[in-house]
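What follows is a single structure, written as structure tokens, with notes after it.
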Amino acid sequence: MTPSELKAEITRLNAPYRQGSPLVTDEFYDALVDELEALMPIDEFEAFLRTLTEETGDTKHDRIVGSLRKFKYGVLAPLERWLKRYITNRILTQPKIDGLTFMAVYREGRLYSGATKGDGNSGESITDKLMYILPQTIPSEKAIEVRGELTLTGDDHIALGFKNRRNGSVGLIRRDEINPAEIVCCKAFAFEYREMDSEVGQGLGRAEQLVMLESLGFTVAQHTMLDVTGMDVETLQELLADHLAESRKTAPFSMDGLVLCAPETRSEDAYLPVELVAWKKPLPAVATPVLDLEWSTSRGQLVKPVVLLQSVDIDGTTISRVTGHNALYIKNSGIGVGSTVTIIKGGDVIPKLEDVPVMVEPTLPTDCPSCGSPLEWKGVDLACTAEICSAATLKRVAHFVKNRGIEGASETSLENWGITDFATLLAWTPAEGYKSQQSFMDQLTARVFHASPVDIFTAMGCVGLADKNMDKIISFCGSLDAATALMHLTGLGDTPPLPAGIGIKMLNNARKTWMENLSLLANIVVDERYVGAPTLLNKEKLSGSLSGKSFLITGTLSSPRKSIESLIVAHGGKLASSVSKNLDFLIAGESAGSKLDKARQLGVTVIDEATLHSMIEASATEPEPPKEQVEPTTSNPEPVYKQVSLF
Ligand SMILES: [Zn+2]
């Protein structure tokens, strides 16, 4: 393209890009800007950049907020020139957070005003929004300007239905209405501190600024000092690449590169700063066309999308389907037949949708794929409006029997046997001569009719509450009755003490299913086949078999790793390939390394070899009666476990 064609194209793509609903990927956009930069004298290029204004802001910045020059992995000459000119022996690296840049002014210890970057000269006032995000007061009376990046972190963008973290922060900040619960999901990472009466070239150096920001109560993203004394540019490039890849693994935000400078760099006043530069290396993402969307109704009657892809190979794994999260995400991301998505396989095992380089107008379902009832929006999801949806009840039964350790009963088998809900499960009898059905009946008798009410109840699962949290609440309250009373209390607006990690919102979401489960439980315990058993609850996880639990081995054990792995599989356990928060147990041997550190960070249960063996032995013998029963005791001795009051 000629420079004028490039300018026209960049101008056309600029507005949607700035507003957080880009028509092309950021990389494609950046490539056009790079191409133009190479074709123009630098001052003309800078002047053009200034014309790419966001909506003209009403807040003039005290000093120009420049755009960083971008160096790319694989292009060494500009990096080398910069290195020679500005770096003596150390480089300060900061993550280049892919978010929305803000500046905030504090006077006399209070947040005074805040704005977006805008055209670098003036931006849009966002003081009202920053009040929710930044410290409102700081322990300093000086007039200071703080610059930083706003972004959503973790999976908040998915929960709020945004395509990515950057779009989420832009979307929330641009909205006229402020929803306090949502706006606080925007996190601010400060990266520059300046006393407003300091002259250009004076004041604190960048590294000291970060220390100052932290001491004033701002969140500062993790930064690193690299010693590059005598290092050649190729070695530096590889060092930066490794550092970026490592940072991406743990960063709660999206990074499109690193910001580099000498630690003593002072704040500049230029549209294109010279000392501070951005260094980029794109994520190794693989693009593939979307073949279809598959929608299915969950236990909570939400209709969830799976994106079906033309198969791609990433790190030796063939990926042909990936979660589409929720209907709003699909809609806002433009995912549908004919679109192209990029997939990454990061530190986690599960591949994720990264971006949507080619978007389409998505087609969302209007009726429940299971029962045909109309759908309506419920938050970010489409939900089946049926009073009781067949898909949801079948999934709840399947979840229940799986949680009780009953094998050979997939959703399809249950449906084929005519079991679609708890009523048909209780009324069901096996057909003569079918071994699989007889086996299911035997397991049902052993694992449901010979189980305690609490264990039955917690196996049912609760919409909006992870299974382990049901255990947690009941343990915390001491009995199912007390836990149910807690559910009632919180429903009435009371705020009683709750176990760690459990919030009122979770209970509100779970209350309806909790009460439904109580009536299902009542039907089971009055069944004439019901015998009961002592409650195992949490202890089951450490006694019982290894069924359904995932294991990973690290370090050196007494026998070869392969033989321990076969032992785990033989007792129903699964082998995981990396440490994630979904891992149940890390078996740590001699000289265990980084996996052990990561497991501890994520709160994964770490056990030794002896514990593994005792878990396996425990499964071979009768479970010991638990030391403390959470079941309310009853004075009626016969039958002991059949008496259960539900409220
Ligand atoms: Zn339905």
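Please go through segment 223-255 and give me each residue that is in contact with a Pro (Cβ under 7 Å, 6 or more places away or on another chain) and polar (S, T, N, Q), ordered by number.
Ser247
Considering only residues of segment 360-369 that are surrounded by fewer than 18 Cβ atoms within 10 Å (Cβ to Cβ) and near the ligand (Cβ under 10 Å from one of its atoms), which is nearest to Asp292 (Cα to Cα)?
Filtering first and then ranking leaves Pro369.
Can you name the number of the only condition in (1) farther than 30 Å from Asn517 by Cβ; (2) within 16 Å of the ligand (Cβ to nearest atom); (3) in contact (Cβ under 8 Å) with a residue 60 or more places away in the chain; (4) not acidic (Asp, Glu) that Pro357 fails?
For Pro357, the failing item is (2).
Residues of segment 438-457 being surrounded by fewer than 21 Cβ atoms within 10 Å (Cβ to Cβ) and either out of contact with any helix residue (DSSP H, G or I) (no Cβ under 9 Å at 6 or more places or on another chain) or hydroxyl-bearing (Ser, Thr, Tyr) (or both), which ones?
Answer for segment 438-457, where residues must be surrounded by fewer than 21 Cβ atoms within 10 Å (Cβ to Cβ) and either out of contact with any helix residue (DSSP H, G or I) (no Cβ under 9 Å at 6 or more places or on another chain) or hydroxyl-bearing (Ser, Thr, Tyr) (or both): Gln438, Ser439, Met441, Asp442, Thr445, Ala446, His450.
Report the residue count in segment 128-167 for those that are crowded, with 23+ Cβ neighbours inside 10 Å and free of Cβ contacts under 8 Å to residues at least 24 places away in the same chain.
Going through segment 128-167 one residue at a time, the tally reaches 1.
Quick check on my filter: what residues within segment 468-501 are without any contact (Cβ under 8 Å) to a residue 40 or more places away in the chain and at positive phi?
Listed by number, the residues that qualify are Gly493, Gly501.
Taking the condition under 27 Å from Ser577 (Cα atoms), part of a loop (DSSP other than H, G, I, E, B), touching a residue at least 40 places away in the same chain (Cβ under 8 Å) and more than 16 Å from the ligand (Cβ to nearest atom), does Pro282 pass?
When the stated conditions are applied, Pro282 passes them.
Select from segment 300-320 the residues that are modelled with pLDDT under 90, of a type outside the set (S, T, N, Q) and surrounded by fewer than 21 Cβ atoms within 10 Å (Cβ to Cβ) and list them in ascending order.
Val312, Asp313, Ile314, Asp315, Gly316, Ile319
Can you pull out the residues in segment 194-209 that are within 23 Å of Thr127 (Cα to Cα) and part of a loop (DSSP other than H, G, I, E, B)?
Within segment 194-209, Met196, Asp197 qualify.
Okay, residues lined up against (1) under 23 Å from Ala270 (Cα atoms); (2) modelled with pLDDT of 90 or more:
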| residue | (1), (2) |
| --- | --- |
| Gly123 | yes, no |
| Tyr132 | no, yes |
| Gln136 | no, yes |
| Leu150 | yes, yes |
| Ile183 | no, yes |
| Lys187 | no, yes |
| Phe191 | yes, yes |
| Leu210 | yes, yes |
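Does segment 462-470 contain at least one residue that is surrounded by 20 or more Cβ atoms within 10 Å (Cβ to Cβ) and touching a Leu at 6+ places or on another chain (Cβ under 6 Å)?
no
Any residue in segment 434-453 that is within 16 Å of the ligand (Cβ to nearest atom) and either among the basic types (Lys, Arg) or without any contact (Cβ under 8 Å) to a residue 60 or more places away in the chain (or both)?
Checked against the condition, which is being within 16 Å of the ligand (Cβ to nearest atom) and either among the basic types (Lys, Arg) or without any contact (Cβ under 8 Å) to a residue 60 or more places away in the chain (or both), segment 434-453 yields no hits at all.
Taking only segment 370-422 into account, find how many residues are under 18 Å from Cys462 (Cα atoms), away from the ligand (no atom under 15 Å from the Cβ) and touching a residue at least 60 places away in the same chain (Cβ under 8 Å).
Count: 6.
Those residues that are away from the ligand (no atom under 16 Å from the Cβ) and assigned to a helix (DSSP H, G or I), I need them from segment 288-336; list them, please.
Selection gives Leu328, Tyr329, Ile330, Lys331, Asn332, Ser333.
Please state which of the following conditions Thr495 fails to meet, knowing it meets all the rest: (1) out of contact with any helix residue (DSSP H, G or I) (no Cβ under 8 Å at 6 or more places or on another chain); (2) among the polar types (S, T, N, Q); (3) closer than 22 Å to Met470 by Cβ; (4) exposed (fewer than 13 other Cβ atoms within 10 Å of the Cβ).
All conditions pass for Thr495, except number (1).
Just to be sure before I move on: is Ile473 under 26 Å from the mean Cα position of the chain (by Cα), over 24 Å from Ser452 (Cβ atoms) and either surrounded by 13 or more Cβ atoms within 10 Å (Cβ to Cβ) or at pLDDT 85 or above (or both) in the structure I sent?
no
When you scan segment 509-525, do you find a residue that is touching a residue at least 12 places away in the same chain (Cβ under 8 Å) and over 23 Å from Phe422 (Cβ atoms), even just one?
Taking every residue of segment 509-525 in turn, none turns out to be touching a residue at least 12 places away in the same chain (Cβ under 8 Å) and over 23 Å from Phe422 (Cβ atoms).
The values are calculated or read from the model by the stated rules, or taken from the named source; none is laboratory data. Please read all numbers here as calculations on a predicted model, not as lab measurements. Every residue, glycine as well, gets a Cβ built from its backbone with ideal geometry; the counts of neighbours run over all protein chains shown.
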